[in-house]
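J.: Below you will find the structure I want to go over with you.
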Amino acid sequence: MSAWSLRSSWRGGRGQCLLLAGLLAACGYQDGIVGAQALGEPAPHSGGFSEEFAQRSDAWETQAVVPDASVEVGQAGPTARDGYWAELRFPGHAEYSGRERVGADFATQLATRERFHFGTYRTRLSFGGCAPGQETVMAFLGYFNDGTDADGDGIVDDLEIDLQVACGAPSYLYLTVFTDDDAQGTRFRKLTHVVDFASGDTFETPSANSDDYAPAGNEAQLLAPELLEPDALYELGFEWHRDSIRFFLVMNGAEQSLWQLNGSARVPQLPLHIMYNLWHPDTHWYPADGAADFPANDVAMRVDWLSYEPE
C-alpha cells in the first residue's frame, strides 16, 4: 500500500463496517460514497491537472473487491477524445441476493493519490444500465475524511462533493454535498439536489440533517428524457469555491447549470481526492422505494477524460 489507503463510506443506516486487505472502511447514510483516509498524506496538488486515461498512471489508485470486478485504464474507446478511456466494471452476479456485497465497502473505484482544492472539475464519462429491480450507484466525486473534527461541531468532518446516478432510476442525477458525518451515520450535515431529466422536476433535502426530499420546482431547460442513457458519454462537473459550489452538465453543446449551493459553512473547505466508483445499495433511491436486487449483469462506467483548473 502507498502512504494513503482507500476509505469506504456509504449511507444506508446499516451500521456495517469492514476491513478489507488493509483498506480502512467506515459506514454512513444512503447517498454518500467512497472516500479516502489520510495516512501520511502528501501536500495537496498545486496547479492544474488533467488525465486522458490512455495508460496507467501513478497518480491513481484502484479498488476492485467483488469477484470479477475490474478497473482497466487505456482501453480502446471508439468515441473517446483520444481513442482511449478507463473502464470501471461492477460485476453482475445473479446468484447474489440484494443484501450481499452491499455498500461502498465493495465499490469498484478509481481515485487520485493527491488531493485538490478550489477550482473547476470537468469530466466526460458514461454510466451503465441495469435491469428493473436491480441497483448500482455510479459516481464522480471529491472526498476527504481523516477522522478529525476540524470545525469543532462535535461531528467528524466528512467532506464530499458528489454527482451520482443510480441505474434503477437512470433519468435522475443526484447532487450531494457533505461536510460532516459520524461513523454511525446518526449525526450528519449534507444537502442534496436531485434533477429528473425525464420531466425537468427537481427535489431537495429540506435541511442539512435530513434524508427526506421535497419538490423544488420544475426547470423546463432540464427536460431531456434521452439524457444519461446507458453507455453515452456526457461532460459534467462542478465549480468549487470557498463560499459556493455550482454543478453543471453540457447539454446540446452548451454548459447548463444544475444547482448552486452558497455559503462557506455548507461547502467543504479542505482539499479532496478525485474519485470514480460503482457500488450496490440494498434499497432503491428516492423517489423509488423498497429492496434492490444485486445486478445480474455487469454494470460499467467509462471515463474519457478529466480536467482540473484551480481558481
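J.: Check T202, T192, T179 and return the single one that is farther than 19 Å from A107 by Cα, β-branched (V, I, T), part of a strand (DSSP E or B) and touching a helix residue (DSSP H, G or I) at 6+ places or on another chain (Cβ under 7 Å).
T.: Working: T202 fails: touching a helix residue (DSSP H, G or I) at 6+ places or on another chain (Cβ under 7 Å); T192 fails: touching a helix residue (DSSP H, G or I) at 6+ places or on another chain (Cβ under 7 Å).
Just a single option satisfies the conditions, and that option is T179.
J.: Which number in (1) in a strand (DSSP E or B); (2) surrounded by fewer than 20 Cβ atoms within 10 Å (Cβ to Cβ); (3) at pLDDT 85 or above marks the one condition that L24 misses?
T.: (3)
J.: Right, another one. Can you tell me which residue is surrounded by the fewest Cβ atoms within 10 Å (Cβ to Cβ) among those in segment 158-199 that are over 15 Å from the mean Cα position of the chain (by Cα) and of a type in the set (G, A, S)?
T.: Only one residue tops the list, namely S199.
J.: Could you look through segment 148-165, keep only residues that are aliphatic (A, V, I, L, M) and outside any loop (DSSP other than H, G, I, E, B), and pick out the one that is farthest from F49 (Cα to Cα)? Please lay out each step first, then the result.
T.: In the first step, residues of segment 148-165 are kept if they are aliphatic (A, V, I, L, M); the result is 150, 155-156, 159, 161, 163, 165.
Filter again for outside any loop (DSSP other than H, G, I, E, B), leaving 159, 161, 163, 165.
Numbers: L159: 21, I161: 18, L163: 20, V165: 25 Å.
Applying the filter and picking the extreme gives V165.
J.: Now a separate question. For the condition surrounded by 17 or more Cβ atoms within 10 Å (Cβ to Cβ) and either under 30 Å from H193 (Cβ atoms) or at pLDDT 95 or above (or both), what is the one hit in A64, A94? Step through it out loud before you land on a result.
T.: Working: A94 fails: surrounded by 17 or more Cβ atoms within 10 Å (Cβ to Cβ).
Just one listed residue meets the conditions, A64.
J.: Scanning segment 218-228 for residues that are at pLDDT below 95 and surrounded by 14 or more Cβ atoms within 10 Å (Cβ to Cβ), which turns out nearest to the chain's Cα centre (by Cα)?
T.: Looking at residues that are at pLDDT below 95 and surrounded by 14 or more Cβ atoms within 10 Å (Cβ to Cβ), I get L228.
J.: Tell me which of these D298 doesn't satisfy, since it passes every other one: (1) loosely packed, with under 13 Cβ neighbours inside 10 Å; (2) modelled with pLDDT of 95 or more; (3) more than 15 Å from Y174 (Cα to Cα).
T.: (1)
J.: Given the criteria at pLDDT below 95 and within 27 Å of N297 (Cβ to Cβ), does W10 qualify?
T.: Numbers: at pLDDT below 95: yes; within 27 Å of N297 (Cβ to Cβ): yes.
Criteria met by W10.
J.: Filter segment 200-217 down to residues that are surrounded by 15 or more Cβ atoms within 10 Å (Cβ to Cβ) and within 30 Å of G185 (Cβ to Cβ), then give me how many there are. Reasoning before the result, please.
T.: Going through segment 200-217, the residues surrounded by 15 or more Cβ atoms within 10 Å (Cβ to Cβ) turn out to be 200-205, 208, 211, 213, 216.
Among the residues that remain, those that are also within 30 Å of G185 (Cβ to Cβ) are: 201-205, 208, 211, 213, 216.
Adding up the residues that qualify gives 9.
J.: Given the residues S126, S97, which is the only one that is among the polar types (S, T, N, Q) and farther than 24 Å from E309 by Cα?
T.: Numbers: S126 fails: farther than 24 Å from E309 by Cα.
After applying the criteria, what remains is S97.
J.: Exactly one of (1) at pLDDT below 95; (2) of a type in the set (G, A, S); (3) closer than 27 Å to R246 by Cβ is unmet by G185. Its number?
T.: (3)
J.: Can you name the condition, by its number, that P268 falls short on among (1) touching a Phe, Trp or Tyr at 6+ places or on another chain (Cβ under 8 Å); (2) under 30 Å from G133 (Cβ atoms); (3) surrounded by 15 or more Cβ atoms within 10 Å (Cβ to Cβ)?
T.: Going through (1) touching a Phe, Trp or Tyr at 6+ places or on another chain (Cβ under 8 Å); (2) under 30 Å from G133 (Cβ atoms); (3) surrounded by 15 or more Cβ atoms within 10 Å (Cβ to Cβ) one by one, P268 breaks only (2).
J.: Please determine whether any residue of segment 231-244 is assigned to a strand (DSSP E or B), among the charged types (D, E, K, R) and either crowded, with 20+ Cβ neighbours inside 10 Å or without any contact (Cβ under 8 Å) to a residue 60 or more places away in the chain (or both). Steps first, please.
T.: Narrowing segment 231-244 to residues assigned to a strand (DSSP E or B): 234-241, 244.
Cutting the leftovers down to among the charged types (D, E, K, R) gives us 235, 239.
Retained after the next criterion (residues that are either crowded, with 20+ Cβ neighbours inside 10 Å or without any contact (Cβ under 8 Å) to a residue 60 or more places away in the chain (or both)): none.
Checking segment 231-244: not a single residue is assigned to a strand (DSSP E or B), among the charged types (D, E, K, R) and either crowded, with 20+ Cβ neighbours inside 10 Å or without any contact (Cβ under 8 Å) to a residue 60 or more places away in the chain (or both).
J.: Another question, if that's okay. Every residue in segment 62-84 that is more than 24 Å from E135 (Cα to Cα) and part of a strand (DSSP E or B), please.
T.: Looking only at segment 62-84, we keep the residues that are more than 24 Å from E135 (Cα to Cα), and these are 73-84.
V73, G74, Q75, A76, Y84, listed by residue number.
The values are calculated or read from the model by the stated rules, or taken from the named source; none is laboratory data. Since we're looking at a predicted model, the values are computed, not measured. Glycine also receives a Cβ, built like all others from the backbone with ideal geometry; neighbour counts cover every protein chain displayed.
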